[in-house]
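One structure is given here, and the rest of the page talks about it.
The values are calculated or read from the model by the stated rules, or taken from the named source; none is laboratory data. The structure presented is a predicted model; accordingly, all values stated were derived computationally and were not measured. Neighbour counts run over all protein chains shown; Cβ positions are idealised from the backbone, glycine included.
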Amino acid sequence: MRLTEVGLDHFRNLASVTLEVSPAGAVLVGSNGQGKSNFLEAIHYLARFRSFRGTRHADSIAFGAQHFRVEGHVVCGTGQSRRVAVAADRRTRRVSLDGQTVARPADAAGSVLAVLLAPTDLAIIGGGPDQRRRYLDGLLTSTSRRYARALPVYERALRQRNELLRNWPPVAGPELASWDETLIETGMVIVLARAVIAERLARRFTDVGAQVAGAVDRLGYELEYRPSVPGSADPASNAESVAASWRQALTESQPRDQRQGWTTVGPHRDELLIQLGGHRLAQFGSQGEQRTAAIALRLAEAELLESESEHVPVLLLDDVFSELDEDRAGRLLKWLGDRHQKFVTTPRPLPQLGNGLVQWRVDDGRIGPRLAAA
């Protein structure tokens, strides 16, 4: 999968421009605050239809403008060509595919595949369980239309159930049971999809972690998905038995839920364990170990996306090399090779990044002119 053209209009501080893109990608060079990461964010919008910063769509509109638009022309390995665009004003966001507005962003999931590596990925490894759940949700909503449809329905039902739990006197059973059924129906989609993708990701994570770490960490990087409802993530279980166990868990937790005012079991309470040698990296990992794990997780994600879709994802590397020692940087470069189209941000030129990558200067939101090849 290769982007051949990227169009920007009123996106953050970036000047409105249409850029032709090299098949290998580009290195964006510039001082901090000039807009390098904003360009990666624009490409991320084409893949995930939202900001990787977790901000509102309106926050991506340039100062003084009323809307933004990002458009990309992508060519897949099969030769198929598609145009994907994301536009937003102060109230709404619109996604279009080949010039036609889609009813739901989920309907365009997988049109562009991109994987972001950034220093903020440390929060996935060292942060709370919510960071790791958010990581799984982002990965699955970009590849599975069924998941992308189920997740917002689950979240809406969860909010409604929590609102009922916070009411006094205690809520009536039938009304709560209705929301329970919605949670079970959509939650089963979420949990099973998470379990399947976590299992496939785990094998790659261990292998890639060893490659990036080299001889530094010999204990082995591990990943394991743990749902809060026992047995709900077992693909061998039939739907009726899983639903029954989940319904029982919600019923048993109801007194506790009412005391606390929120639902204590379900996908919003699941955990993705990331460990080194059997120890949780969030609690016991050094910064170097956590950084290695964060990079390995993203590279494993890229391998998984390629395996699942048969399309090579675009890689977005946001100031990654400045965070690595020379040995890890060398091993990362070896893994990257020249299979992926890459967009790399850096405050200074990176001579070691060759393979046809052009260099673009980013200065006060203006990208270009092109410099000599790296």
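For this structure, a couple of remarks:
- The range 9-29 residues that are without any contact (Cβ under 8 Å) to a residue 12 or more places away in the chain and surrounded by fewer than 23 Cβ atoms within 10 Å (Cβ to Cβ), paired with ones that are assigned to a strand (DSSP E or B) and not β-branched (Val, Ile, Thr) (beta carbon under 7 Å, 6 or more apart): 16/8; 16/9
- Cβ-Cβ contacts under 9 Å between residues 6 or more apart (or on different chains), taken from a first residue in the range 141-160 that is hydroxyl-bearing (Ser, Thr, Tyr) to a second residue that is exposed (fewer than 15 other Cβ atoms within 10 Å of the Cβ), are listed as 143/308.
- Considering the range 342-358, the residues that are at pLDDT below 90 and farther than 15 Å from residue 322 by Cα include one that is surrounded by the most Cβ atoms within 10 Å (Cβ to Cβ), namely 357.
- Pair list, Cβ under 7 Å, 6 or more apart: the range 204-228 residue in a helix (DSSP H, G or I) and among the polar types (S, T, N, Q), other residue modelled with pLDDT of 85 or more and crowded, with 20+ Cβ neighbours inside 10 Å: 206/221
- Residues in the range 174-194 that are surrounded by fewer than 19 Cβ atoms within 10 Å (Cβ to Cβ) and among the small types (Gly, Ala, Ser) were compared, and the one that is nearest to residue 156 (Cα to Cα) is 178.
- Only one entry of 218, 204 meets the criterion of being assigned by TED's automatic domain parsing to the domain that holds residue 147 and modelled with pLDDT of 90 or more, and that entry is 204.
- Residue that is farthest from the chain's Cα centre (by Cα) [pool: residues in the range 2-37 that are among the polar types (S, T, N, Q) and under 15 Å from residue 65 (Cβ atoms)]: 16
- When residue 157 is tested against (1) among the hydrophobic types (A, V, I, L, M, F, W, C); (2) crowded, with 21+ Cβ neighbours inside 10 Å; (3) over 30 Å from residue 312 (Cα atoms); (4) within 22 Å of the chain's Cα centre (by Cα), just one condition goes unmet, and that condition is (4).
- Residue match in the range 278-290 (condition: in contact (Cβ under 8 Å) with a residue 60 or more places away in the chain, within 25 Å of residue 44 (Cα to Cα) and either under 23 Å from the mean Cα position of the chain (by Cα) or part of a strand (DSSP E or B) (or both)): yes
- Which listed residue is surrounded by 20 or more Cβ atoms within 10 Å (Cβ to Cβ) and in a strand (DSSP E or B), from 299, 317, 332: 317
- Test: residue 280 is touching a helix residue (DSSP H, G or I) at 6+ places or on another chain (Cβ under 8 Å), more than 26 Å from residue 340 (Cβ to Cβ) and basic (Lys, Arg): no
- Meets criteria (in the same structural domain as residue 295 (by TED's automatic domain parsing), modelled with pLDDT of 90 or more and on the phi < 0 side of the Ramachandran plot) for residue 247: no
- Test: residue in the range 257-272 that is modelled with pLDDT of 85 or more and of a type in the set (Ser, Thr, Tyr): yes
- Matching residues, the range 229-241, being over 11 Å from residue 191 (Cα atoms) and either modelled with pLDDT of 80 or more or part of a helix (DSSP H, G or I) (or both): 239, 240, 241
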